[in-house]
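What follows is a set of notes on a single structure, which appears directly below.
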Protein chains: 2
Amino acid sequence: MAILLIRQDGKTSQWLNAFKSQASQIECFDYNEPHPKETITMALVWKQPHGLFEQYKNLKCVASMGAGVDFIFEDPSFHQELLMTRVVDPLLITDMEEFVTAQVYAYMKGLYQYHSQQSFSLWQQNPYLRKKDITIGIMGMGVLGSATAKALSDQGFNVLGWSNSKKQIEGITTYEKVDLDLFLEKTNVLVCLLPLTPDTNGILNESLFSKLPRGAYLIHVARGPHLVGEDLIQSIDKGQMCGAAIDVFPTEPLDTKSPFWGHSKIHITPHCASISSPESVVAQIVVNYNRLTSHQPLLNQVDTLKGY
Amino acid sequence: MAILLIRQDGKTSQWLNAFKSQASQIECFDYNEPHPKETITMALVWKQPHGLFEQYKNLKCVASMGAGVDFIFEDPSFHQELLMTRVVDPLLITDMEEFVTAQVYAYMKGLYQYHSQQSFSLWQQNPYLRKKDITIGIMGMGVLGSATAKALSDQGFNVLGWSNSKKQIEGITTYEKVDLDLFLEKTNVLVCLLPLTPDTNGILNESLFSKLPRGAYLIHVARGPHLVGEDLIQSIDKGQMCGAAIDVFPTEPLDTKSPFWGHSKIHITPHCASISSPESVVAQIVVNYNRLTSHQPLLNQVDTLKGY
């Protein structure tokens with residue numbers, strides 16, 4: 001009975017340390033170090049190299065180190081007999097709420113534009129928006145989407161929510177899958193917090209942007225492949241979209257040749273909206289590992305048929 | 001019985017138009033055009049040239065076009081027999097609340113720093129703050145200060161208030177004049193919303209900054225002369241302050257030679273936090289003009305002994 005950590009970015013050691021300090025009785029291995037394969041019952045992964053799972057005959061559960069699980073579904077060695085879990089971390093939720101709120105206000109008050117003007121010593125007042133002027137539409141009303149919608153609504157923003165199945169949240173007008181167009185036509189600040197599934201891959205494209213009111217703004221904090229980058233640039237350059245704040249990209253770090261870097265209306269952050277901290281996540285993993293060992297139902301289990 | 005408009009920035013015509021559309025029965029004159037001086041009973045002013053008031057023997061009231069009145073006190077032709085009013089505009093209040101909130105979040109999430117990194121195509125995650133990590137101290141608990149403190153507190157921020165006379169506001173710990181040091185030692189995001197008086201001129205100086213916890217941040221949205229610019233730069237360069245967002249300057253537009261423009265930790269906005277719109281202010285002026293004419297007490301009158 002042991003846990004295998006699989007991630008390729010060299011950050012495995014801080015995760016191993018978190019296990020050591022919080023649950024030294026649990027055996028943990030870095031997949032790059034020698035380890036007894038037959039002891040592994042849980043794999044804790046982040047954007048793992050594909051094809052490894054089938055080498056572990058006693059593997060029962062693949063746990064994501066974050067809220068996203070798309071990269072597990074994409075791995076052909078993940079199979080239906082394996083359980084899958086994701087992280088639902090109160091700090092991840094707080095961070096996402098606060099990050100999206102920050103981007104909404106920065107957009108309303110034109111802070112990025114003033115920051116650009118500063119580099120030219122340009123003193124120029126620009127038009128701005130008030131809270132009451134905008135309607136924020138959240139795509140994806142899972143744990144992060146619902147919490148962000150609620151936080152913005154509690155602050156007095158007008159908030160809409162769209163999700164596969166209709167949600168009931170006080171103060172928020174919600175739409176279900178078939179009502180996407182109705183949702184889009186009322187939204188002028190679109191926030192993407194969808195899970196990445198075959199249905200949502202490339203959903204942020206020109207056709208979708210064209211259904212928003214002219215001059216809408218995008219805040220994208222979900223997964224890189226939701227967005228068709230060239231469609232966004234075209235929509236901005238035509239004036240259909242007025243700009244975007246993007247935190248996630250299909251390949252990270254974002255290629256220095258990407259046209260996003262130099263676009264004055266696209267504001268890039270380096271996937272920093274909400275980052276799992278080993279300390280806070282490992283506590284959850286330990287709970288689930290103990291539940292797995294004692295054959296209890298797991299927490300934050302992913303429905304592998306729905307894909308989220 | 002007539003109103004005289006005095007401002008030097010060439011924006012008088014939109015104010016005259018607002019009077020025409022809202023109260024065409026009231027006579028209004030641009031001070032640069034010929035006008036019958038004995039008819040003037042109210043002067044509506046913004047940073048007026050000094051020395052004019054004594055030419056108007058029937059002048060009874062000088063009304064500021066905005067929330068600030070410091071430039072009226074500075075005019076030697078303003079005398080104690082004149083009444084003084086300022087603007088208390090719900091939109092000014094909303095704008096200030098939202099602008100300060102925007103600057104607080106931009107600081108917490110490091111948005112300016114990411115925007116600078118973007119110009120170098122630099123993908124680098126930086127440390128950030130959560131709402132719970134900061135204590136916002138508001139200097140000046142007048143109409144704008146109190147409303148901003150309340151708005152931030154309602155959003156879950158920890159907020160302190162400091163003012164000449166102690167205020168009672170639910171959810172906010174308040175300090176009176178003599179307790180400035182106690183207020184400062186608990187504040188790590190300092191927001192200046194003081195009125196400009198001889199007492200507060202230059203109050204944002206090295207001695208004050210040194211009483212804040214190391215690495216504090218300044219959001220200055222009051223009046224330019226509150227801040228000793230070189231003291232701020234020194235305090236930032238020594239690490240006592242971690243940066244500042246500044247919206248107001250002793251001379252506006254800010255001189256292109258100012259060292260603020262090129263300082264990476266000072267974020268400049270062009271006095272845009274909260275701007276009186278003629279349409280919304282003229283309605284108040286008309287009410288006060290009618291009260292003046294019928295010898296009723298004026299609204300939003302300034303205590304000319306206290307200076308605010």
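Of note:
- Of all residues in the range B:273-285, those satisfying the criterion of being of a type in the set (A, V, I, L, M, F, W, C) and open to solvent by 20 Å² or more (accessible area, probe 1.4 Å) are B:Ile275, B:Ala283.
- Yes/no for A:Trp162 being in contact with a helix residue (DSSP H, G or I) (Cβ under 7 Å, 6 or more places away or on another chain) and either more than 10 Å from chain B (Cβ to nearest Cβ) or buried (at least 17 other Cβ atoms within 10 Å of the Cβ) (or both): yes
- Looking only at residues of the range A:139-152 that are touching a Ser or Thr at 6+ places or on another chain (Cβ under 7 Å) and closer than 11 Å to A:Val104 by Cβ, we find that the one that is surrounded by the most Cβ atoms within 10 Å (Cβ to Cβ) is A:Leu152.
- Subset of the range A:251-274 (residues that are more than 16 Å from B:Leu111 (Cβ to Cβ), out of contact with any strand residue (DSSP E or B) (no Cβ under 8 Å at 6 or more places or on another chain) and not charged (D, E, K, R)): A:Thr251, A:Pro253, A:Thr256, A:Ser258, A:Pro259, A:Gly262, A:His263
- A:Ile136 falls short of the stated requirement of being of a type outside the set (Phe, Trp, Tyr), open to solvent by less than 50 Å² (accessible area, probe 1.4 Å), at pLDDT below 95 and farther than 30 Å from A:Pro278 by Cβ.
- Options A:Ile233, A:Ile246; residue that is in contact (Cβ under 8 Å) with a residue 24 or more places away in the chain, on the phi < 0 side of the Ramachandran plot and open to solvent by less than 10 Å² (accessible area, probe 1.4 Å): A:Ile246
- Restricted to helices (runs of 4 or more DSSP H) entirely inside the range A:36-135, those with at least 3 residues that are hydrophobic (A, V, I, L, M, F, W, C) are A:70-73, A:90-108.
- Residue in the range B:29-48 that is within 14 Å of chain A (Cβ to nearest Cβ), open to solvent by 40 Å² or more (accessible area, probe 1.4 Å) and modelled with pLDDT under 95 present: no
- Qualifying residues in the range A:100-128 (those that are over 27 Å from the mean Cα position of the chain (by Cα) and of a type in the set (A, V, I, L, M, F, W, C)) - the one nearest to the other protein chains (Cβ to nearest Cβ): A:Trp123
- Evaluation of A:Val69 against (1) closer than 30 Å to B:Tyr112 by Cβ; (2) within 14 Å of the chain's Cα centre (by Cα) (one fails), failing number: (1)
- From the list B:Thr173, B:Thr197, B:Thr251, the lone residue that is part of a strand (DSSP E or B) and either away from chain A (no Cβ under 14 Å) or under 21 Å from the mean Cα position of the chain (by Cα) (or both) is B:Thr173.
- Members of the range B:7-31 found to be outside any helix (DSSP H, G or I) and charged (D, E, K, R), listed by number: B:Arg7, B:Asp9, B:Lys11, B:Glu27, B:Asp30
- Residues (closer than 14 Å to B:Val281 by Cα, touching a Leu at 6+ places or on another chain (Cβ under 7 Å) and polar (S, T, N, Q)) located in the range B:1-56: B:Thr12
- From the list B:Lys131, B:Lys167, the lone residue that is over 26 Å from A:Tyr114 (Cβ atoms) and open to solvent by 10 Å² or more (accessible area, probe 1.4 Å) is B:Lys167.
The values are calculated or read from the model by the stated rules, or taken from the named source; none is laboratory data. It should be emphasised that the depicted structure is a prediction, and the values quoted were computed from it without experimental measurement. Backbone-built Cβ (ideal geometry, glycine too); neighbour counts: all protein chains shown. We work out accessible area using only protein heavy atoms, side chains counted, and drop any ligands, DNA or RNA first. Shrake-Rupley method; radii C 1.70, N 1.55, O 1.52, S 1.80 Å.
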